[in-house]
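Asker: My structure is below; once you've seen it, I'll send some questions.
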Amino acid sequence: MASSSKEPISNPPIPDDDDEEEDDYDEIDEDDEEEEERQRRPVTEESRVRSDRAKMENLFRRLSSERVPIRVHDVIIQGNTKTKESLIEAEMEALKNATTLQELLKAASIANARLQQLDIFDSVKITLDSGPPELPGTTNVVVEIVESENPLTGSVGVFSKPEARAWSLEGSLKLKNLFGYGDIWDGSLAYGLDLTSEVSAGVSLPRFKKLITPVTARLSLLSQDWLKFTSYKERALGLSLGLLSSRSHDLSYSLAWRTLADPSQMSSRAVRRQLGHSLISALKYTFKIDRRNSPLRPTRGYAFLSSSQIGGLLPDHRGLRFLRQELDFRYALPLGFYNAAFNIGISAGVTVPWGSGFLSRPTYLPEKFFLGGNSSPVCALGGPSSLLGFKTRGLGPAEPRRQVTENSTDESSDASSAMDFVGGDLAVTAFADLSFDLPLRVLREAGIHGHAFACTGSLNKLTENAYKDLSLQKFKESFRASAGFGVIVPTKLFRMEVNYCYILKQQEHDRGKTGVQFSFSSSF
C-alpha cells in the first residue's frame, strides 16, 4: 500500500518578542524626537531674532563703510484713486537712476518730501521691497499714498502789509487736485483798513507736459490808495504767469492794465503828468539763496537775493519800458553768549526807463523805489524798502502839492503833509542789529528777546538828467539814519516789535519821528 507523503501546512508567523521590543523602541524614539523638537522650538525663534539683528547690524555697518550696489526693478504705486500715476512717477525718476542703496535711500527721502509738498496728500509712505528672486541685487519701490479726503480748504486771517501801510483782512479758498494732475485752484480776497483791496484767482500745476518745474497762472484786480503819501490811487487788472520756479530760481511774466487817478485834484506836477492808463508787460527773474537758520530770528548763516525785471515787451505805444535791478545781502554771526547774534544787511536797487533818450524821461511812478515803514529789515528779502523810525514813503525826493485857494488857519499842520513823495531811481539801505536773550526765564522760553539796531538809507533821482547833479558828496549827504532798541515777540507767522527809535539824521520834508513804534513783520 503506497503511502502518500503530505507536505506540512505553513503555520501563521508567531510574533517574535524581539520584534515587539523594536517597535516599542521606535515609538519611544518618535515621541522623544517630538519632545526634543518642541523643546528646541523656542530656542530656534530666539536664534532667528538674534540672526535678524545680526543681519541688520551688518547692513548698517556696510552702509556706513561701503557702497552697496542695488538697482530698482519696479515702482509700485498704491492708493491713488484720483491722482494720475504719471504725476507720481515723475517724482520717482531719481530712484530709477540710483545704483547704490545709499543713493536710493537719499532719493527716496527727497521724493517723499516733494510728494508732500504737492499739498494734495494726507500721507506719503515709500518702502523698499525685495525684487524678483531670479534678479538678485534688485528692489521694488512701493509708494503708498493717502489722498486728501476734503479737497476744499479755506483760511481767514489778519495780516500786516507795511508797504500798503496798514492791516488787511484776507480770506482764501483752495480746491485741490480737481483733475488729478496735482492742480490747485484758489481764489482770494483781501481788504485793507487803508482802502487797499485785492481780488484774485489762480491755478498751479506742479508739472505741465515735459516741464519739470511748476507752472502758475493768476488773474488779479488790485486797488491801492496812496493819496496820503503821493496823491494818487492805483488800480491794476493783471495776469501773471509763473514760468520757472525752483529752490533758488524764479521766472515770471506779468501783463497788467494799470490806472492812476487823483480824486483830490491836489497832486504835484510830477504826479499829474503820469495820471491815466498804461500797459505793463514785464519779465522778472529772481535768484535767491537763504542759508540762515531762521528768517524771523537768524543767529547764523547768510542770504542773498538778486531780482532783475524788464518792462515794455509788447509793441504798444502805451506800454511802459523800464529796467529794474535789486540786490539784497544778509549775514548773521553768532556771538556765543545769551543766544546773541549780530546781523548786518545791505540792499541796493536801481530803476530807469529804456529806449531812445531814456535818462531824459521820468521813471513810471509805481516802479520807483520808496523807503520808510516799520517792517523789520532783518526778516524778508526784497530789496531796499524799510527804514525804521520813518513813516511809509516818508523820505526821499518830494514835490509840493497843488496849493489850496482857501487860507489855512491851522498853524500846527505838518509841512510835509503838503508834499508828494515821488520816490527815487537809486535806493540804498543798510542795517546792523544785535539780538540777545532777556534775563527772565519765562521770556526766554516764549522766544521773547531784545535787540538794538541802527539803520541808514538813501534815495536819489537819476532820470530827467538828474544824474548830472548827483556827485559823491551829494550822495553821502542824502543818507538818513536812525537807531534804537526794543523787544521782539516772535510767532509762527510773523514777529512783533516794540521799538524806541531815535532819528539821527533826516532832511527837511522827511517824515521821521523819535519815539515808540510798533512793527509787524513777516518772512514771506
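The values are calculated or read from the model by the stated rules, or taken from the named source; none is laboratory data. For clarity, every value in this text was computed on a predicted model and none was experimentally measured. Virtual Cβ from ideal backbone geometry, glycine too; neighbours counted across all protein chains shown. These area figures cover heavy atoms from the full protein model, side chains too; ligands, DNA and RNA do not enter into them. Shrake-Rupley method; radii C 1.70, N 1.55, O 1.52, S 1.80 Å.
Asker: Could you report the accessible area of VAL350 in Å², rounded to 10, computed with a 1.4 Å probe on the protein chains as they sit in the structure?
Answerer: VAL350 has an accessible surface of roughly 60 Å² with all protein chains in place.
Asker: Could you give the accessible area per residue of the range 369-519, probe 1.4 Å, as a whole number in Å²? Mind dumping the intermediate values first?
Answerer: Numbers: 7460 Å² over 151 residues.
For the range 369-519, the per-residue accessible area is 49 Å².
Asker: Among the trypsin sites (Lys or Arg not before Pro) in the range 464-518, which ones are in a DSSP loop with at most 12 other Cβ atoms within 10 Å of the Cβ? Mind listing them? Write out the running numbers ahead of the final one.
Answerer: Details: sites: LYS468, LYS474, LYS476, ARG480, LYS492, ARG495, LYS505, ARG511, LYS513; in loops: LYS492, ARG511, LYS513.
Counting only loop positions with at most 12 other Cβ atoms within 10 Å, the trypsin sites (Lys or Arg not before Pro) in the range 464-518 are LYS492.
Asker: Setting aside same-chain residues fewer than 8 positions from LYS82, which lysines have a Cα under 27 Å from its Cα?
Answerer: Answer for LYS82, where 27 Å is the Cα cut-off: LYS96, LYS125, LYS174, LYS176, LYS209, LYS210, listed by chain and number.
Asker: When the accessible area of the range 438-487 is computed with all protein chains present and a 1.4 Å probe, what percentage of it is carbon and sulfur?
Answerer: So the carbon and sulfur contribution to the accessible surface is 62 percent.
Asker: Still on this structure, please answer the following. Leaving ligands, DNA and RNA out of it, work out the accessible area of TYR191 with a 1.4 Å probe and give it in Å² to the nearest 10.
Answerer: 120 Å²
Asker: Check LEU395: other-chain or 5+ apart residues with amide H under 5 Å from its amide H, H built from backbone geometry?
Answerer: LEU371, ARG511
Asker: Could you check how much of the accessible area of the range 259-388 is carbon and sulfur, as a whole percent, using a 1.4 Å probe? Kindly include the intermediate steps, with their values, before the conclusion.
Answerer: Details: 3470 of 5790 Å².
Solvent-exposed carbon and sulfur of the range 259-388 make up 60 percent of the total.
Asker: Once phi is turned into ³J(HN,Hα) by the Karplus curve 6.51 cos²θ - 1.76 cosθ + 1.60 with θ = phi - 60°, what whole-Hz value does each residue of the range 101-108 show in order, with x for glycine and proline?
Answerer: Listing the rounded values in order: 5, 4, 5, 5, 5, 5, 5, 5 Hz.
Asker: For the range 251-353, with every protein chain kept in place, what is the accessible area per residue (1.4 Å probe, Å²)? Intermediate results must be reported in sequence, preceding the final value.
Answerer: Details: 5170 Å² over 103 residues.
Result: 50 Å² of accessible area for each residue.
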